[in-house]
Amino acid sequence: MGTPELPVPDGLVLRPFRGVRFAVDDPAKVTSPPYDLISDADVDTLLDSHPNNVVRLILPRSSPGHPSSADV
């Protein structure tokens, strides 16, 4: 709800935001190929390369060495 003295925009209002990113020496350690091209062995290698590798988000596992919930 707006206050009567403030104008209400007629449409979509877009505002910039500050991006957040990891400060790493080698970006290759936190990135991965597309999820459908990664084998189980590749997942292990990527997880060992850096604790914040994106493969933790795109191919989550319950714990290292265990199959994901999609495999059960």
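The values are calculated or read from the model by the stated rules, or taken from the named source; none is laboratory data. What you see is a predicted model; the values in this text were computed from it and never measured. When we count neighbours, we look across all protein chains shown, and the Cβ atoms used for this are built from the backbone with ideal geometry, even at glycine.
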Flagged pairs (Cβ under 8 angstrom, 6 or more apart or on separate chains; first in the range 44-71, under 23 Å from ALA28 (Cα atoms); second acidic (Asp, Glu) and at pLDDT 90 or above) are PRO64/ASP44
If we keep only residues of the range 30-52 that are under 17 Å from the mean Cα position of the chain (by Cα) and of a type in the set (Gly, Ala, Ser), then the residue surrounded by the fewest Cβ atoms within 10 Å (Cβ to Cβ) is SER49
Inside the range 15-29, the number of residues satisfying the requirement of being exposed (fewer than 10 other Cβ atoms within 10 Å of the Cβ) and of a type in the set (Val, Ile, Thr) is 1
In the range 1-42, residues that are under 24 Å from ARG56 (Cα atoms), without any contact (Cβ under 8 Å) to a residue 12 or more places away in the chain and assigned to a loop (DSSP other than H, G, I, E, B) total 10
